[in-house]
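A quick write-up on the structure given underneath.
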Amino acid sequence: MSATHPTILVVNAGSSSVKVSVYAVPEAAHANADINPVLSAHGQIEGIGVSPRLSASMADGRIVADERFPVAQVADHDAAFRLIRLVLSIGLRDAPPVAIGHRVVHGGADFSAAVKIDDDVITKLEALIPLAPLHQPHNLTAIRAVRAAVPALLQVACFDTAFHAGHDPLAQLLALPYEYFERGIRRYGFHGLSYEYIARRLQQIAPDLAQGRVIVAHLGNGASLCAMRDGRSVESTMGLTALDGLPMGTRCGAIDAGAILWLSQQGMSTKDIETMLYQESGLKGLSGVSSDMRALLASDAPRARLAIDFYAYRAAQEIGKLAATLGGLDALVFTAGIGANSPPVREKICARLADLFGISLDAGANNENRQRISRDNSRVPVLVLPTDEEGMIALNTARIMMEHHARA
Ligand code: AMP
């Protein structure tokens, strides 16, 4: 990719990692042509504050950094972000970024699409921290770090909630006193950048299916389902926070609200309950072995089996629920770390759906993670599509960058 193309950085700041990707944005052939950002480099720091490891590579596979650091040197997200910028700046010397796109987990009721970041946006995002305590503070740290270093640089927030903004009011309700709904205590839904990407991808590879009733299972460390009709989200298993719905790596998913009251009545503090529900539950809490699906699949501990079985049981159950919302099912799509790479988990989920939807998996295709893993006679086709949340952020950021330049 030529250095004359504008460059965009995509920043994805998680609870213990910061990932930065560099995209070149070729000029569109004409005003209405699709913008197509191209990945040119990627850097990340994992294990922030625990055992920091920096790695960075160019899109052609060339490794430019792979190093472990003492904790003191990368104690927080601020330090991590500075270090990645330094490493990537070697590759960016000829093309400094013209915009930065951030993954921001919660956009609340105020944001239904990506936005240019200003002081007012930051204030609104800060108010949402209690609804995404594991992610939102780190997203904001990255935004502030860039503002401090390069105040004039265009920054764009891309939200995990935005793709779900068109949900019917019924799908947004929690049955609390109505005044709480008016105060923004609603079911929003998350993983929207992943679902937006999958909706576009499905439109490219199977436009007939994309127009129908589709359930997408984003099964990674975080996990949720999205029910789509004609490429638009109509329901999600996640709600007000990213705790709801399916059990996840360390998050509990949907639980009886009475369980939280009980924990509180036992004298547990709100902070301790938060830590337990977000970081010590799900696959990790049930198995007592690991939050990582690969480790559980490799383990012969009975509770590792139990955790996997529960995971598949709940996923199948929620797929049935979303199909009821859609009034049927025309396709099921698996994505994210587990969804795109774990044949035994897909097999267990689909086995539970065989009678209800006439799903029949092709074992060979499933084992090879092929794009279509159902047999020809399966009443509902089942697909595997790797997601690309960062590519989606790059695209949304490039669109806002072009509007911004057109206006300037
Ligand atoms: P993500 O958050 O999308 O990166 O997904 C992380 C999850 O995907 C972890 O539970 C990993 O164990 C799981 N995962 C990644 N690759 C595989 C694989 N080949 N088989 C099973 N699980 C996998």
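The order of the peptides 174-183, 230-239 by mean Cβ neighbours within 10 Å, most packed first, is 230-239, 174-183. Heavy atoms of the protein chains alone define the surface here; on that basis region 241-393 has 47 Å² accessible area per residue at 1.4 Å probe size. For the listed peptides 361-369, 304-312, a ranking on the average number of other beta carbons within 10 Å per residue, highest first, reads 304-312, 361-369. Taking every DSSP beta bridge that has both ends in the chain, the antiparallel portion is near 70%. Think of the chain as having a plus end and a minus end, set by charges on the Cβ of Lys, Arg, Asp and Glu; of PHE159, PRO97, LEU306, LEU306 sits farthest toward the positive end of this dipole. Surface exposure of region 88-228, expressed per residue as accessible area with a 1.4 Å probe, stands at 42 Å². Modelled this way, with points 7 Å down the Cα-to-C-beta line, the labels at VAL64 and ASP300 are 4.7 nm from one another. Using a cut-off of under 20 Å, list every residue of region 226-244 whose amide N is near the label point 7 Å from the Cα of ASP168 along the Cα-to-beta-carbon line. Backbone N within reach: 226-240.
Between VAL25, VAL64, VAL382, the residue with the greatest mean-square fluctuation in the GNM of the chain (Cα pairs under 10 Å linked by springs) is VAL64.
Once you reduce region 35-61 and region 179-228 to the center of their Cα atoms, the two points are 26 Å from each other. If the chain linking ASN36 and ALA175 were pulled fully straight, counting 0.36 nm for each residue of separation and taking away their Cα-Cα distance, it would gain 45.8 nm. In the chain, the calculated helix contribution to ellipticity at 222 nm averages -12000 deg cm²/dmol per residue, counting -39,500 (n - 2.57) for every DSSP H run with n ≥ 4. At full extension, ILE255 and SER15 could sit 84.1 nm farther apart than now, given 0.36 nm per residue minus the alpha carbon distance. The slack in the chain from ASP76 to GLN371, taken as 0.36 nm per residue of separation less the alpha-carbon distance, amounts to 102.3 nm.
Net charge dipole, the chain: roughly 340 debye, given to the nearest 20, about the Cα centre with Cβ charges of +1 for Lys and Arg and -1 for Asp and Glu.
The values are calculated or read from the model by the stated rules, or taken from the named source; none is laboratory data. Since this is a predicted model, take the numbers as computed values, not measurements. Heads up, the Cβs are rebuilt from the backbone with ideal geometry, glycines too, and the neighbour counts pull from every protein chain shown. Please note that ligands, DNA and RNA were not included when accessible areas were found on the heavy atoms of the full protein model with its side chains. Shrake-Rupley method; radii C 1.70, N 1.55, O 1.52, S 1.80 Å.
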